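J.: Got a structure for you, questions after.
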Amino acid sequence: MARKLPKVDVVIIGVGWAGGIIASELTKKGLKVVGLERGKERKTEDYFMVHDELRYALRYELMQDLSKETITFRGNEKVRALPMRQYGSFLLGDGLGGSGVHWNGQTFRFLPYDFEIYSKTVERYGKNKIPADMALQDWGIKYDQLEPYYDRFEKLAGISGEENPLAGKRSDKYPTPPMKKSPAMEMFEKVTKQMKLHPYMMPSANLSESYKNPDGIQRAACQYCGYCERFGCEYGAKADPVVTVIPVANKTGNFEIRTHSNVRRILKTGDKVTGVMYTDVTTGEDIEQPADIVVLTSYVFNNIRLLLMSDVGKPYDPNTGTGVIGKNYAYQVIKGNAVGFFDDKEFNTFAGAGALGMVVDDYNGDNFDHSNLNFIHGGMISLSQTGLRPIQNNPVPGGKPTWGKEFKANSVKYANRFLSVASQGSSMPFKRHYLDLDPSYKDAYGDPLIRITFDFEEQDRQMAKFLATKCTDILKGMGPNHIDSMKDLGPYDITTYQSTHNTGGVIMGADPATSAVNNYLQMWDVDNLFVVGASAFPHNSGYNPTDTVGALAYRAAEGILKYRDQGGQVV
Amino acid sequence: MAEQNKENPESLSRRKFIQNAGFTVGGLAVGGIIGSLIPKEKKTETKVSQQKSEDFNQALMYFTPEQYQVVDAATERIFPEDDHGPGAKALGVAFFIDHQLSGNWGFNAREYMQAPFFRGEKVQGYQGRLNRRDIFDIGIREMQNHSQAVYKKDFTELSGDEQDAVLKDFEADKVDITTISPNGFFQMLRSVTLEGAYSDPLYGGNKNMDGWKMKNYPGSQMAYADIIDKDFKVVKPQSLKSHMTH
């Protein structure tokens, strides 16, 4: 029998970006909030030895321990799902700050088109443009409604950037100027301008200069050390929850973080949730934490897993298309790239920052005509300089040996002599891409793992090919001696790293029949449960998701305060 | 070839940076490597003996001497010594692999190893029940068996070309083994060779930072803010050890 603790106003499950933002907003208003975090505490001092590629990038120091919990995966329902035994395609964060600690800091707003993607597609191309098995739907919110929350997140994080000529209207400029421009980025800028495209500096959470945010948090400028993604920032320059929102919540005296606390069930009576049951992983004790409001803010997979294990919300059934929990799982299509090898040019590409780069959005969203194309949407194209580290940076031109004398000569020669122009393709939802509980594999506590059913579709193959061609065209103008580019996307493969941008499963919308949460991320079925994160995305755009997660978290915080005052559905 | 500069380009020493890099919320320190990492007193100059000390790291934690020799020879074929600089042997790669196998990585300690086990599709990744220690034990023994079967010699007694032929048979799954995937073992050996060549020397490979020097990789530097917008420049490498003395 679980030990029962005194009731609090709000309990938050998972203290990363979403949990941290909500904690800071609610505690500022005087609510008593408990944050349950299953990992350990993290702080900037932990990263004294962070320039260690083996420990952090190859041995996954900051990632979830897969021996305790992982996911299972299959390409389609005819195949037996098997556990992801080792890391590959995406990296699950762990500990205070979650994936917000090991991100790159690329902070894009989604396009106005994204939020009304179904309506806009039908309006411009007709219903037949959307394949029968694609589960495209509007988000139940428009860009203009979300804009003020984007602005808040960007000011919280101190985003460094400049106006994107092809994006939605901004109410204010970025709080800090763009990052520095490397020679490779200048080459990209020159060529894309000549091609009449619209290059702009990648919006960056790495901080171009020292910055004090509206909460009074002061952070130092980025030093371009080249260790962002998979690493924590030793300077606190990269915005993450631990150096921004969490200390603000702590300072109110209203926030209590309990680390090593693994939430295993959301408790429900009638049409309300009453709190959560969690296991103290240091003692094994089961503890019940009652609360007036429960906010589910873990990573995408655990948001869905906890709802399904707790019997909250109606599970999605791909055969009937009914139910909502687990629906519209989407990802990112990032393989449409081109790599150029330069025999006579060497670059400082060992230096960099996670969100250092130049971008064009001319082939993103509906910024170009799709009438004669067999896909919708698109992706950003960028030249980014995130810092090339030596174990994972062994470039050789296609078809050349991958070990031995010639390999060594080439990989040493080209280590600083190649540039990539890469796309980040959007990922549309399909009726048979979904998440549910695995029938056989369990975690360390005997609970079922989440199961992913997902593969690339014709939409993805066409889009990736198209974007690879565009990348190649840009790269040609930059004058490399040799170019390799993606020819075929191939099937989705969980063994090679692609992107930690998993989305969907508890999606937002205007209709309770086709969405799980309203546009404040409040569950339609349960008024006092909010589910916040990229799990709310009905599809994934051709950008990194964090800015949109942050904006939605600010909006959800407002929704929670509204609910506390008036009860019921806040929309 | 780019000109080699004598000094590291960053203008900030770690100590100075630490002192500048605090961040506060209403006067409350919320992070930063302030305080705890700054030595309380300035170090007193100690005369360090210039004598070359013995490398106590170069002993075996896991491999038998025979296993060590096979791995030492095989990794040298994967990453050979050439005009650019040392190969796997001189970089200490076999010691690095031995040390890695002795710990978490060798036991797959942070990976999901629960039953049931099924053969999956390639896109589903490794589904075996063996850990990396088992795979290395079997893989090395099978390299010896294959060398004996084809050349009637141990792997270490083969010529370089013959060793390459054995490795290629593993890479192409042309060796008949039922317990492990020959290609899977080869790919693991290749990846861990590169890890040994290019990881921080604290792990026992990349001896003398020679792997980094070949690639003009500067290792662990505090800042590139001064060179990020400039043309390529060689930066003298430093390892994590150098952080300990700041």
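The values are calculated or read from the model by the stated rules, or taken from the named source; none is laboratory data. Quick caveat: nothing in here was measured; it's all calculated off a predicted structure. Don't worry about glycine lacking a Cβ; one is built from the backbone with ideal geometry, like all the others, and counts go over all protein chains shown. Side chains included, ligands, DNA and RNA excluded: accessible areas come from the protein's heavy atoms. Shrake-Rupley method; radii C 1.70, N 1.55, O 1.52, S 1.80 Å.
J.: Among B:Val192, B:Gly92, B:Ser159, whose Cα lies farthest out toward the positive end of the dipole of the stretch B:65-214, if unit charges sit on the beta carbon of Lys, Arg (+1) and Asp, Glu (-1)?
T.: So the residue we want is B:Val192.
J.: A further question follows. How do A:372-379, A:302-309 rank on mean C-beta neighbours within 10 Å, highest first? Walk me through the intermediate numbers first.
T.: Numbers: A:372-379: 20.5, A:302-309: 24.5.
In descending order of packing, they fall as A:302-309, A:372-379.
J.: Which of the peptides A:81-90, B:160-169, B:226-235, A:126-135 is most tightly packed, and how do the rest follow, going by the mean number of other Cβ atoms within 10 Å of each residue?
T.: Numbers: A:81-90: 22.4, B:160-169: 16.9, B:226-235: 18.4, A:126-135: 13.9.
By packing density, highest mean first, the sequence is A:81-90, B:226-235, B:160-169, A:126-135.
J.: Taking square-rooted eigenvalues a ≥ b ≥ c of the alpha carbon gyration tensor, is the stretch A:352-477 rounded, prolate or oblate, where a/c under 1.5 means rounded and, failing that, a/b exceeding b/c means prolate? Walk me through the intermediate numbers first.
T.: On the way: a/c = 2.15, a/b = 1.21, b/c = 1.77.
It comes out oblate by the Cα gyration axes.
J.: Ignoring ligands, DNA and RNA, how do A:Met463, B:Met244 rank by accessible area with a 1.4 Å probe, largest first?
T.: On the way: A:Met463 0, B:Met244 125 Å².
Result of the area sort, largest leading: B:Met244, A:Met463.
J.: Considering only DSSP beta bridges where both residues belong to the protein assembly as shown, give the percentage that are antiparallel (nearest 5). Present the calculation step by step, with values, prior to reporting the outcome.
T.: On the way: 56 of 84 bridges.
Counting only bridges with both partners in the protein assembly as shown, antiparallel ones make up about 65 percent.
J.: Could the peptides B:193-200, A:187-194 be put in order, highest first, of the mean number of other beta-carbon atoms found within 10 Å of their residues? Don't jump to the answer; show the numbers that get you there.
T.: On the way: B:193-200: 26.6, A:187-194: 18.4.
Highest-to-lowest ranking by the protection proxy: B:193-200, A:187-194.
J.: Over chain A, what is the relative contact order in whole percent, taking alpha-carbon pairs under 8 Å and six or more residues apart?
T.: Numbers: 1453 pairs, mean separation 130.4, N = 571.
Computed over chain A, the figure is 23 percent.
J.: Once Lys and Arg get +1 and Asp and Glu get -1 on their Cβ, which of A:Thr320, A:Val8, A:Tyr235 lies farthest toward the positive end of the dipole of the stretch A:3-566?
T.: In the stretch A:3-566, that residue is A:Tyr235.
J.: Another one. Can you compute the equivalent ellipsoid semi-axes for the stretch A:269-420, i.e. the square root of 5 times each eigenvalue of the Cα gyration tensor, sorted largest first and rounded to whole Å? Please report the intermediate quantities before stating the final value.
T.: Details: eigenvalues 423, 128, 49 Å².
Calculated on Cα positions only, the semi-axes equal 46, 25, 16 Å.
J.: Quick one: Debye curve from the C-alpha atoms of the stretch A:74-159, no solvent, what's log10 I(q)/I(0) at q = 0.13, 0.18 Å⁻¹?
T.: Results for the stretch A:74-159 at q = 0.13, 0.18 Å⁻¹ read -0.79, -1.02.
J.: Excluding A:Leu58 itself, calculate the net charge of residues whose Cβ lies under 14 Å from the Cβ of A:Leu58, where each Lys or Arg counts +1 and each Asp or Glu counts -1.
T.: 0
J.: Accessible surface of B:Glu157 in the full protein assembly, 1.4 angstrom probe, to the nearest 10 Å²?
T.: Here the accessible area works out near 110 Å².
J.: Any chance you could give the angle, 0 to 90 degrees and rounded to 10, that helix A:405-414 forms with the longest Cα principal axis of chain A?
T.: Orientation of helix A:405-414: about 80 degrees from the principal axis.
J.: Rounded to whole Å, give me the distance from the Cα center of the stretch A:254-314 to that of the stretch B:163-237.
T.: 43
J.: Scan the stretch A:409-514 for trypsin sites (Lys or Arg not before Pro) in coil per DSSP, keeping those whose Cβ has at most 11 other Cβ atoms within 10 Å, and list them by number.
T.: Numbers: sites: A:Lys413, A:Arg417, A:Lys431, A:Arg432, A:Lys442, A:Arg451, A:Arg461, A:Lys465, A:Lys470, A:Lys476, A:Lys487; in loops: A:Arg417, A:Lys431, A:Arg432, A:Lys487.
Listed in order of number, the matching sites are A:Lys487.
J.: Continuing with the same structure: To the nearest Å, what is the center-to-center distance of the stretch A:530-568 and the stretch A:95-172, using C-alpha atoms only?
T.: Here the two parts' Cα centres lie 12 Å apart.
J.: Something else now. Taking the 0 to 90 degree range and rounding to the nearest ten, how far is the long axis of helix A:143-157 tilted relative to the main principal axis of chain A, both from C-alpha atoms?
T.: It works out to around 80 degrees.
J.: What does the structure give for A:388-398 when I average, per residue, the other chain Cβ atoms found within 10 Å of the residue Cβ? Please report the intermediate quantities before stating the final value.
T.: Working: counts 2, 3, 14, 12, 4, 4, 6, 0, 0, 0, 0.
The mean count of partner-chain Cβ atoms within 10 Å per residue comes to 4.
J.: Give, to the nearest whole percent, the P(r) tail of the stretch B:65-214 beyond 25 angstrom, counting all Cα pairs. Each step should come with its number before you reach the end.
T.: Values: 3429 of 11175 pairs.
Everything past 25 Å amounts to 31 percent.
J.: Rounded if a/c is under 1.5, else prolate if a/b is larger than b/c, else oblate: which is the stretch A:487-571, with a ≥ b ≥ c the root eigenvalues of its Cα gyration tensor?
T.: Working: a/c = 3.27, a/b = 2.29, b/c = 1.43.
Judged from the Cα gyration tensor, the stretch A:487-571 comes out prolate (a/c at least 1.5, a/b above b/c).
J.: While we're looking at this one, here's another question. With +1 on the Cβ of every Lys and Arg and -1 on the Cβ of every Asp and Glu, and nothing else charged, how large is the dipole of the stretch B:65-214 about its Cα centre, in debye rounded to the nearest 20?
T.: Numbers: 16 positive and 24 negative charges, 108 e Å.
Computed charge dipole of the stretch B:65-214: roughly 520 debye.
J.: Nearest 10 degrees is fine. How inclined is helix A:17-28 to the longest principal axis of chain A, computing both from alpha carbons?
T.: 50
J.: Please compute the length gained on full extension between A:Met195 and A:Val79, using 0.36 nm multiplied by the number of residues separating them and subtracting their Cα-Cα distance.
T.: Values: separation 116, 0.36 × 116 = 41.76 nm, distance 4.54 nm.
That pair, A:Met195 and A:Val79, stretches by 37.2 nm at full extension.
J.: Along the charge dipole of the protein assembly as shown, Cβ charges K/R +1 and D/E -1, which of A:Tyr211, B:Leu101, A:Gly161 sits furthest on the positive end?
T.: Selected residue: A:Tyr211.
J.: May I pose another question? Per residue of B:117-130, what is the mean number of Cβ atoms on other protein chains within 10 angstrom of that residue's Cβ?
T.: Values: counts 3, 5, 2, 9, 9, 4, 14, 15, 13, 6, 3, 1, 1, 0.
Partner-chain Cβ atoms within 10 Å, mean over residues of B:117-130: 6.
J.: State the Kirkwood hydrodynamic radius of the protein assembly as shown in Å, one decimal place, computed from all pairs of distinct Cα atoms. All intermediate terms of the calculation are to be shown ahead of the outcome.
T.: On the way: mean 1/r = 0.0361 Å⁻¹.
Its Kirkwood hydrodynamic radius stands at 27.7 Å.
J.: Take the stretch A:478-534, compute every pairwise Cα distance, and split them into 5 Å bins from 0; I just need the percent in each bin.
T.: Distribution as computed: 4, 14, 17, 12, 8, 9, 12, 8, 6, 6, 4, 1, 0 percent.
J.: Hand me the chymotrypsin sites (Phe, Trp or Tyr not before Pro) from the stretch A:492-571 located in a DSSP loop with no more than 16 other Cβ atoms within 10 Å, in residue order please.
T.: A:Tyr497
J.: Moving on to the next point. What is the list of residues in the stretch A:322-356 whose amide nitrogen lies under 18 Å from a point 7 angstrom out from the Cα of A:Asp488, following Cα to Cβ?
T.: Taking a point 7 Å out along Cα→Cβ of A:Asp488, the residues of the stretch A:322-356 whose backbone N falls under 18 Å are A:334-337.
J.: Using the crude model of +1 on Lys and Arg Cβ and -1 on Asp and Glu Cβ, and no other charge, please compute the dipole size for the protein assembly as shown relative to its Cα centre, in debye to 20. Write out the running numbers ahead of the final one.
T.: Values: 96 positive and 101 negative charges, 209 e Å.
Charge dipole, the protein assembly as shown, about its Cα centre: 1000 debye, nearest 20.
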